[in-house]
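Coordinate-derived values only; no laboratory data. Keep in mind that what you see is a predicted model, and the values were worked out from it rather than measured. Every residue, glycine as well, gets a Cβ built from its backbone with ideal geometry; the counts of neighbours run over all protein chains shown.
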Amino acid sequence: MTPVESMFQLTGASFSHDNEPVLHDITLAIGEGEKVALVGPSGAGKSTLLSLLWRQHPDAIALCPQDSGLVDLLSTYQNIYMGGLSRFSTFYNLINLIRPWAARREEVADLARTLGIEDKLQNSPDQLSGGQRQRVALGRALYRQQSVFMGDEPVSSLDPEQGEQLLKHVLDQHMTAVVAIHSPELALRYFDRIIALKNGRVYGDWQATEVDLSVLETVYQDA
């Protein structure tokens, strides 16, 4: 179903990497206010599709990539603060990366508390577990304070209960979201639209109320 006003749109889009086809003839549109889950087996093209959509409005999106994209030379505080660089001047950012003012320090600390990493703000990401690194990446995305969130398996390294809680929190903080997610159950529970990819093509595009788990499970069969 095509939204009345499309925020993201692809028409017959195909993409190859190193001469290997990744996406084939992708046509879709995503409107402002939609919460869209991308599901499908590994290698289906979810990450590539997210990248193509992100390129349409990079400055308006809070992005949480699968590899986290953290800078190990910096502290957790600094990595989270970097999500807000575009909101302040260069001089102001330099001050707050080196000796943060109280207001910015408290903002990041409050965010870290919500994410359960308040005791890791002085640690560098290479000192953290995979789940903690993922929380830092989520914190950086949240600190961008954008209306659109894009995530590539943003809670895959967390235990199921914590991952579900943080996914819900992230979705609550953003008007629009497009998230590649490994769990069909979470896709049905927290998103209003589900786009399934298989072998680089759109296998299905449903409103969450129009599909059930048994249908989504067919996406992963014989992949």
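Answer yes or no as to whether R113 is part of a helix (DSSP H, G or I) and either on the phi > 0 side of the Ramachandran plot or touching a helix residue (DSSP H, G or I) at 6+ places or on another chain (Cβ under 8 Å) (or both). Show your work before the answer.
Details: part of a helix (DSSP H, G or I): yes; either on the phi > 0 side of the Ramachandran plot or touching a helix residue (DSSP H, G or I) at 6+ places or on another chain (Cβ under 8 Å) (or both): no.
Taking the combined requirement at face value, the residue does not satisfy it.
Residues that are assigned to a strand (DSSP E or B) and out of contact with any Phe, Trp or Tyr (no Cβ under 6 Å at 6 or more places or on another chain) occur at least once in the stretch 129-148.
Taking the residues in the stretch 11-40 that are part of a loop (DSSP other than H, G, I, E, B) and either within 20 Å of the chain's Cα centre (by Cα) or in contact (Cβ under 8 Å) with a residue 60 or more places away in the chain (or both) as candidates, determine which candidate is farthest from D172 (Cα to Cα). Looking at the filtered set, the residue picked out is G40.
Looking at the stretch 116-128, which of its residues are assigned to a loop (DSSP other than H, G, I, E, B) and exposed (fewer than 13 other Cβ atoms within 10 Å of the Cβ)? Hit for the stretch 116-128 is Q122, nothing else. Any chance the stretch 65-86 includes a residue that's touching a helix residue (DSSP H, G or I) at 6+ places or on another chain (Cβ under 7 Å), among the aliphatic types (A, V, I, L, M) and under 23 Å from E185 (Cα atoms)? No, because not a single residue in the stretch 65-86 is touching a helix residue (DSSP H, G or I) at 6+ places or on another chain (Cβ under 7 Å), among the aliphatic types (A, V, I, L, M) and under 23 Å from E185 (Cα atoms). The number of residues in the stretch 1-10 being assigned to a strand (DSSP E or B) and out of contact with any helix residue (DSSP H, G or I) (no Cβ under 8 Å at 6 or more places or on another chain) comes to 3.
Beta carbons closer than 9 Å, at least 6 apart along the sequence or on distinct chains, pair a first residue in the stretch 209-223 that is on the phi < 0 side of the Ramachandran plot with a second that is polar (S, T, N, Q) and loosely packed, with under 11 Cβ neighbours inside 10 Å for A223/S42. Residue count for the stretch 82-109 under the criterion of being within 30 Å of D159 (Cα to Cα) and either over 26 Å from the mean Cα position of the chain (by Cα) or exposed (fewer than 11 other Cβ atoms within 10 Å of the Cβ) (or both): the result is 0.
Of the residues contained in the stretch 86-97, one or more are found to be free of Cβ contacts under 8 Å to residues at least 40 places away in the same chain and either closer than 15 Å to S68 by Cα or in a loop (DSSP other than H, G, I, E, B) (or both).
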